[in-house]
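The values are calculated or read from the model by the stated rules, or taken from the named source; none is laboratory data. Since we're looking at a predicted model, the values are computed, not measured. Don't worry about glycine lacking a Cβ; one is built from the backbone with ideal geometry, like all the others, and counts go over all protein chains shown. All accessible areas refer to the heavy atoms of the entire protein, side chains included, with ligands and DNA or RNA removed. Shrake-Rupley method; radii C 1.70, N 1.55, O 1.52, S 1.80 Å.
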Amino acid sequence: PHPFPRASRLALDASAGNRHFDENGFLHVAVSHISKETVNPYYGREIPGWEGLGLDPERIYRGWRPGAELAAGAYSFNGLPLLLDHYVDSAAAPQKEHRVGSLGTDAAFRAPYLDNSLIVTDAAAIAAIASGAARELSAAYMYDPVFAPGVFNGEAYDFVMTNIRGNHVALVQEGRAGPDVVVADARLGKTLLNT
């Protein structure tokens with residue numbers, strides 16, 4: 001029998017062969033989606049350099065995360081910390097109390113998803129996945145915005161995310177890009193590392 005109820009498995013992928021627990025109780029996930037080529041909403045204040053760009057901090061701008069940019073930046077998501085919710089993480093200011101695991105070293109773009117393996121090393125985080133309290137994954141990253149409007153898959157966007165570089169991935173209740181991403185960036189209204 002599976003250790004989690006069927007409805008609570010979305011951070012763990014659908015196939016039982018994709019995940020296992022080791023003798024330490026750590027949860028290993030062979031492949032999980034951590035981002036997706038899509039168009040998502042962002043407050044002006046969430047966009048890097050928003051003041052210099054003259055953006056309204058309370059206006060919603062739609063940003064396209066291109067597959068080619070995810071593919072080019074995939075390597076930067078290798079070995080990143082896995083956190084319980086979003087906190088800016090760095091060597092100078094490590095989020096030790098929020099780190100609950102890490103990403104693997106096999107990040108790859110498989111259209112439309114950016115995938116990587118992961119390990120969850122904290123029992124409370126594993127329980128949060130099981131209960132649904134933190135049922136999705138959410139990538140936090142830096143990028144350079146290019147304001148060039150267009151349309152992707154029928155959705156209009158205001159700017160393009162370029163030069164994507166990973167900072168961490170967080171376990172969250174709901175991600176911005178939706179449940180099919182199982183690993184997404186934070187939903188509208190949450191502050192995400194975008195600088």
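Descriptive notes on the structure:
- Whichever residue in the stretch 128-150 is modelled with pLDDT of 95 or more, open to solvent by 60 Å² or more (accessible area, probe 1.4 Å) and not aliphatic (A, V, I, L, M) and, among such residues, is farthest from residue 77 (Cα to Cα): 149
- Residues located in the stretch 85-127, provided they are in contact with a strand residue (DSSP E or B) (Cβ under 7 Å, 6 or more places away or on another chain), assigned to a strand (DSSP E or B) and closer than 27 Å to residue 72 by Cβ: 99, 101, 102, 103, 108, 113, 114, 115, 116, 117, 118, 119
- Test: residue in the stretch 90-100 that is crowded, with 20+ Cβ neighbours inside 10 Å and among the hydroxyl-bearing types (Ser, Thr, Tyr): no
- Here is the figure for the stretch 103-127: residues that are open to solvent by 20 Å² or more (accessible area, probe 1.4 Å) and closer than 16 Å to residue 176 by Cα total 2.
- Some residue of the stretch 171-178 being over 12 Å from the mean Cα position of the chain (by Cα), aliphatic (A, V, I, L, M) and on the phi < 0 side of the Ramachandran plot: no
- Taking the numbered list (1) surrounded by 13 or more Cβ atoms within 10 Å (Cβ to Cβ); (2) assigned to a loop (DSSP other than H, G, I, E, B); (3) modelled with pLDDT under 95 in turn, residue 53 passes all entries but (3).
- In the stretch 56-71, the qualifying residues are those that are more than 16 Å from the chain's Cα centre (by Cα) and not β-branched (Val, Ile, Thr), and the one that is surrounded by the most Cβ atoms within 10 Å (Cβ to Cβ) is 61.
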